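Just so it is clear, none of the values below were taken in a lab; they were calculated from the coordinates. From a predicted model like this one, the values you see are computed outputs, not experimental measurements. As a convention, Cβ positions derive from the backbone with ideal geometry for all residues, glycine included, and neighbour counts pool all protein chains shown.
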Amino acid sequence: MAHFRRTRLTNPDNLKRMTFADLGLSEELLKAVAEAGYTEPTDIQAEAIPSVLMMKDIIGIAQTGTGKTASFVLPMIDVLASGRRRARMPRSLILEPTRELAAQVAENFEKYGQNHDLKMALLIGGVQMGDQIKALDEGVDVLIATPGRLMDLFERGKIMLNGCELLVIDEADRMLDMGFIPDIEFICSKLPETRQTMLFSATMPPPIEKLAKTFLSNPKRIEVNRAATTNKDITAFKVNVEQRAKLSTLQWILRNDHVETAIVFSNKKTMVRELNKKLQSDGFRSGEIHGDIDQNTRQKELERFKSGDINILVASDVAARGLDIKGVSHVFNYDTPWHPDDYVHRIGRTGRAGAKGRAFTFVTKSDAEAIDNIEKLTGNKIKVFGKEDVRVDLIDPSADKKPGRGKGKGSAKDDRAEDASKKKPSRSRKAKSDEPREADQAPAEQQGAEREAEAPKAKRERAPRKPKGEDAPQRDSKPKGDSKERSSRRRDQDDEPVPAGEWNGPKPGFLDFGFKG
Ligand code: AMP
């Protein structure tokens, strides 16, 4: 049984004073790091890089935003600098749960490896296999893959894993959520036993501990703070709202909270699509990413968001996990995430690199347990959004009378002036869109498509998965009881954050904070 050595960052000040040169990286890498503009290693880099260079196994308990990618990519480049590549036998393997993360790690390799002669291949679902197979045939030093596509090519005999002496399992807890653990166990069993393994995970639930015990040998354990929970740059709110008022509430905040760029998360991809359509038809510059969209379109959509062509990205967890997009001013959880870790990941898309960010989580009555779990995990009671929290200085009292349109740059006032000429959406359409949704209509195959896109074609046994994330059935969000009963129940709630109609913002009833959060 493996032994875990626990490393604590007892004196972060010492680590802060460290430079990249102290970590034992080559001159070529130091040059690439300087070109990337990094002046000092992050905590996880300071802890991990020397150990990886000494060929030790690593457990890194860290999430995106901590600099964890460079903590394995940088030393890997130096480790791989000597050695020869062979056809179909990659020398190292990095497993990522999603295509986007895999593509992001590949970008990191290109950036840091610019002064090295290393070949890399990206094996992800949703793109043609031809080029991937060609790259493998020519021999690669680094293979970055999602488990599904890798298993697929392995089973077709296009790839051999017995030359792979360095393995990174990234975002292991996410792999667990997505049902990839059996694939990972299979892949590990095909790699040589004497190899170096690094496992990164934001959390260490028991199945991940078990995976680490089975496949890592005497690993060094490095734990760094959760970036998002301790991130003082993110102001987080929960917005108590009824299901039917979510859309109007979102649109109101989008227009009035000086939103420059926003990611709006929904738990279901069907809702991502629907929401994006509604925002677009109301004049917002929005786009969408979720698992049913092919890889090329997802990348294009991301590029449009990064370039400012659109300023609102409606996203599912799977598609947006770990994305490193600079300057996102707002994150909206249109649905309270069911898994508390997803909350941490979602809000971590804002408040990055020292910038300020605002995160709004919409909480309906049926989300009481989910929000409770989030608050337990983060150790914080999230502030209920109230009128004093709106950026009043930016509010134009007539704002709610006109459909607004977010802009990458420029003031909210400008936007409203521009939109004044736009037609107000017809009541009939609005009434329809505000209605509570019944169980999702998408066929089961469609709901499972995201998972399947990454999954191998061959049948393998998998532990039954709890319905979760995009695959889970939508809860019944219909308010119970008749309207009279509901409104009297509402009046009984003593924790109503914003009595609708009292504030200088939305029309009465527009924001419906009709229950106790
Ligand atoms: P990651 O946690 O790997 O997703 O990295 C988050 C962001 O931090 C990325 O934009 C990196 O380019 C950036 N980054 C990584 N290492 C450093 C560093 N030492 N100094 C400044 N930024 C960094």
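Worth a mention:
- Label point distance in nm, Lys134-Arg86, each placed 7 Å from Cα along Cα→Cβ: 2.5
- Local electrostatic count at Gly83 - Lys and Arg +1, Asp and Glu -1, tallied over other residues with Cβ under 13 Å: +1
- Local electrostatic count at Met160 - Lys and Arg +1, Asp and Glu -1, tallied over other residues with Cβ under 11 Å: +4
- Computed from backbone phi, the HN-Hα couplings of the range 87-95 come to 4, 6, 10, x, 8, 8, 9, 10, 9 Hz, rounded to whole numbers (Karplus: 6.51 cos²θ - 1.76 cosθ + 1.60, θ = phi - 60°; Gly and Pro given as x).
- Computed over neighbours whose Cβ is under 15 Å from that of Lys119, the net charge equals 0, Lys and Arg +1, Asp and Glu -1.
- The spread of Cα positions in the range 112-251, taken along each principal axis and listed from longest to shortest, comes to 55, 39, 36 Å.
- Close amide H partners of Ile94, meaning residues 5 or more places away or on another chain with modelled amide H under 5 Å apart, are Leu143, Ile144, Ala145, Val168.
- With each label modelled as a point 7 angstrom along the Cα→C-beta vector, the Ser281-Leu377 pair spans 3.3 nm.
- Phi-based couplings in Hz for the range 362-374 (Karplus 6.51, -1.76, 1.60; Gly and Pro marked x): 7, 10, 9, 4, 6, 9, 3, 5, 4, 6, 4, 5, 5
- Extended-chain gain in nm, criterion 0.36 nm per residue less alpha-carbon gap, Ala368 and Arg156: 71.6 nm
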